[in-house]
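Asker: To start, I am sharing the structure in question, which I have written as structure tokens.
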Amino acid sequence: MTDPFEALAQRVAERVLDLIVSALDVDALLDRVDVNALVGRVEINALLDRVDVSALLERADVNELLDRVDVAALLGRVDVNDLVRRVDMDSLVEQTDVGALIARSSGGAATEALDAARSQAVGLDQFIDRWVQRGLRRKQATPAGPPALLNGRAGP
Amino acid sequence: MSAATRTTRPVTSQGHYAGSVSRFLAYAIDIAASSGVFALALAGISYVVSVVTGRHVSWSKENILVAIIFVAWEFAYFGYSWAANGKTFGMAALGVRVVRADGATVDPRHAVLRALAFPLSFLLFGLGFAGILVQREHRALHDLIAGTVVVYAWDARAARLRFLAREAEPGAIRAQLAGDERS
């Protein structure tokens with residue numbers, strides 16, 4: 001059986017604690033705490049070593065997490081043009097099935113012959129142009145093309 | 001795959017002034033095509049006349065009427081092609097096209113002016129074409145008169161990708177294509 005005095009003391013202690021907590025300004029107290037210093041004293045690595053990440057991930061509902069992500073806003077922050085510029089298309093074509101797709105969609109003897117003829121013609125154009133420029137003793141480089149087309153790079 | 005590390009070297013000449021070989025080949029194709037179509041048309045007319053009247057009609061090169069119609073046809077062939085999309089059949093084959101000197105799309109007025117000025121380049125033993133070789137923007141006399149230039153319009157980068165695609169797995173791709181054709 002519990003001592004009545006002990007029970008009384010327990011109730012008094014709880015009441016006193018309630019009064020103290022309600023009298024405290026927790027925000028003001030937190031303002032006085034140097035959080036950076038506090039965090040600096042915590043050994044994060046040791047803390048992480050004690051965390052079972054696998055168990056943590058098992059408990060996480062990834063689908064719910066993804067539902068809460070604003071994908072449109074996320075994509076809006078991605079510079080897709082910069083991303084595409086960084087892609088090495090040559091290696092992409094050589095190492096993946098993209099090459100087969102391109103060959104299937106645009107292949108054919110006529111396309112191959114046309115590509116070859118155009119490439120040869122451009123090569124001869126450049127070869128002749130180099131010799132003409134040399135013969136005319138032109139020091140300054142000639143313009144490559146109309147600025148509007150070169151800057152746009154889209155071609156006519 | 002390490003596709004994100006190496007930047008691709010620009011291989012295209014799209015938008016650059018076209019050189020003499022491309023332009024001469026395009027012109028040769030155009031002359032062959034337009035003359036062929038003209039000859040076919042004359043043959044067709046001869047056939048119809050012979051069927052209707054029973055008389056055989058032959059066209060002579062010395063016939064002034066034929067010469068005038070031929071010149072008008074050539075003017076229409078080049079003028080209409082340049083006005084419609086800036087390129088003739090031969091130019092499309094070689095991947096070049098006519099644009100204004102500032103790079104803008106050529107309009108019908110400049111296309112017609114170019115077609116009218118085109119014969120002038122043949123005068124003085126074709127000296128008007130020398131500009132394609134020596135002028136800084138590879139402009140012939142008729143280009144200078146019409147305010148036009150000729151530029152490369154084909155995407156060499158796409159051609160390079162097609163070449164790489166063919167080179168990547170030629171055996172596999174050709175076998176697959178052959179299989180598709182059989183089925």
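Asker: Please pick out the residue among A:80, A:12, A:42, A:35 that is of a type outside the set (Asp, Glu) and surrounded by 10 or more Cβ atoms within 10 Å (Cβ to Cβ). Explain how you work it out, then say what you get.
Answerer: Numbers: A:80 fails: surrounded by 10 or more Cβ atoms within 10 Å (Cβ to Cβ); A:42 fails: surrounded by 10 or more Cβ atoms within 10 Å (Cβ to Cβ); A:35 fails: surrounded by 10 or more Cβ atoms within 10 Å (Cβ to Cβ).
From the options A:80, A:12, A:42, A:35, the qualifying one is A:12.
Asker: Answer yes or no as to whether residue B:62 is more than 14 Å from chain A (Cβ to nearest Cβ), under 30 Å from residue A:117 (Cα atoms) and either in a loop (DSSP other than H, G, I, E, B) or touching a Ser or Thr at 6+ places or on another chain (Cβ under 7 Å) (or both). Lay out the reasoning, then the answer.
Answerer: Details: more than 14 Å from chain A (Cβ to nearest Cβ): yes; under 30 Å from residue A:117 (Cα atoms): no; either in a loop (DSSP other than H, G, I, E, B) or touching a Ser or Thr at 6+ places or on another chain (Cβ under 7 Å) (or both): yes.
Taking the combined requirement at face value, the residue does not satisfy it.
Asker: While we're here: For residue B:97, which of the numbered conditions (1) under 29 Å from residue A:115 (Cβ atoms); (2) of a type in the set (D, E, K, R); (3) in a helix (DSSP H, G or I) fails to hold?
Answerer: So the condition that residue B:97 fails would be (3).
Asker: Picking from B:134, B:96, which residue would you name as being closer than 21 Å to residue B:33 by Cβ and β-branched (Val, Ile, Thr)? Step through it out loud before you land on a result.
Answerer: Numbers: B:134 fails: closer than 21 Å to residue B:33 by Cβ.
Just a single option satisfies the conditions, and that option is B:96.
Asker: Say whether the condition of being of a type in the set (D, E, K, R) and not in a helix (DSSP H, G or I) is met by at least one residue in the range B:74-87.
Answerer: We begin by selecting, within the range B:74-87, every residue of a type in the set (D, E, K, R); these are B:74, B:87.
Next cut, not in a helix (DSSP H, G or I) only: B:87.
Looking through the range B:74-87, at least one residue is of a type in the set (D, E, K, R) and not in a helix (DSSP H, G or I).
The rows are residues; the columns are (1) within 9 Å of another protein chain (Cβ to nearest Cβ); (2) at pLDDT below 95; (3) touching a helix residue (DSSP H, G or I) at 6+ places or on another chain (Cβ under 9 Å).
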position: B:7; (1), (2), (3): yes, yes, yes
position: B:19; (1), (2), (3): yes, yes, yes
position: B:45; (1), (2), (3): no, yes, no
position: B:84; (1), (2), (3): no, yes, yes
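Asker: Let me ask something additional. Going by what's in this entry, would residue A:22 be described as under 30 Å from residue B:167 (Cα atoms), in a helix (DSSP H, G or I) and among the hydroxyl-bearing types (Ser, Thr, Tyr)? Give the derivation first.
Answerer: Details: under 30 Å from residue B:167 (Cα atoms): no; in a helix (DSSP H, G or I): yes; among the hydroxyl-bearing types (Ser, Thr, Tyr): yes.
Considered against the rule, which asks whether it is under 30 Å from residue B:167 (Cα atoms), in a helix (DSSP H, G or I) and among the hydroxyl-bearing types (Ser, Thr, Tyr), residue A:22 comes out as no.
Asker: Name the residue that is farthest from the chain's Cα centre (by Cα), counting only residues in the range A:75-90 that are farther than 18 Å from residue B:164 by Cβ and either within 10 Å of chain B (Cβ to nearest Cβ) or not in a helix (DSSP H, G or I) (or both).
Answerer: Within the range A:75-90, the first condition is being farther than 18 Å from residue B:164 by Cβ, and the residues that meet it are A:75-83, A:85-86.
Subset that is either within 10 Å of chain B (Cβ to nearest Cβ) or not in a helix (DSSP H, G or I) (or both): A:77-79, A:83, A:85-86.
Details: A:77: 9, A:78: 7, A:79: 9, A:83: 9, A:85: 15, A:86: 13 Å.
Taking the candidates together, the pick is A:85.
Asker: Quick one: is residue B:52 exposed (fewer than 12 other Cβ atoms within 10 Å of the Cβ), aliphatic (A, V, I, L, M) and out of contact with any helix residue (DSSP H, G or I) (no Cβ under 9 Å at 6 or more places or on another chain)?
Answerer: Numbers: exposed (fewer than 12 other Cβ atoms within 10 Å of the Cβ): yes; aliphatic (A, V, I, L, M): yes; out of contact with any helix residue (DSSP H, G or I) (no Cβ under 9 Å at 6 or more places or on another chain): yes.
For residue B:52, the condition - exposed (fewer than 12 other Cβ atoms within 10 Å of the Cβ), aliphatic (A, V, I, L, M) and out of contact with any helix residue (DSSP H, G or I) (no Cβ under 9 Å at 6 or more places or on another chain) - is met.
Asker: Give the residue, chosen from B:93, B:101, B:67, B:76, that is farther than 30 Å from residue A:121 by Cβ, within 26 Å of the chain's Cα centre (by Cα) and either of a type outside the set (Lys, Arg) or surrounded by 15 or more Cβ atoms within 10 Å (Cβ to Cβ) (or both). Give the steps one after another, and end with the answer.
Answerer: Values: B:93 fails: farther than 30 Å from residue A:121 by Cβ; B:101 fails: farther than 30 Å from residue A:121 by Cβ; B:76 fails: farther than 30 Å from residue A:121 by Cβ.
Exactly one of B:93, B:101, B:67, B:76 is farther than 30 Å from residue A:121 by Cβ, within 26 Å of the chain's Cα centre (by Cα) and either of a type outside the set (Lys, Arg) or surrounded by 15 or more Cβ atoms within 10 Å (Cβ to Cβ) (or both), namely B:67.
Asker: Hand me the list of helices (runs of 4 or more DSSP H) wholly inside the range B:124-183 holding 1 or more residues that are modelled with pLDDT under 80, within 19 Å of residue A:121 (Cβ to Cβ) and within 7 Å of chain A (Cβ to nearest Cβ). So that I can check it myself, show each step before the final result.
Answerer: Values: elements: B:130-134, B:141-146, B:156-168, B:170-182.
Here the list reads B:156-168.
The values are calculated or read from the model by the stated rules, or taken from the named source; none is laboratory data. What you see is a predicted model, and the numbers here were worked out from it, not measured in a lab. When we count neighbours, we look across all protein chains shown, and the Cβ atoms used for this are built from the backbone with ideal geometry, even at glycine.
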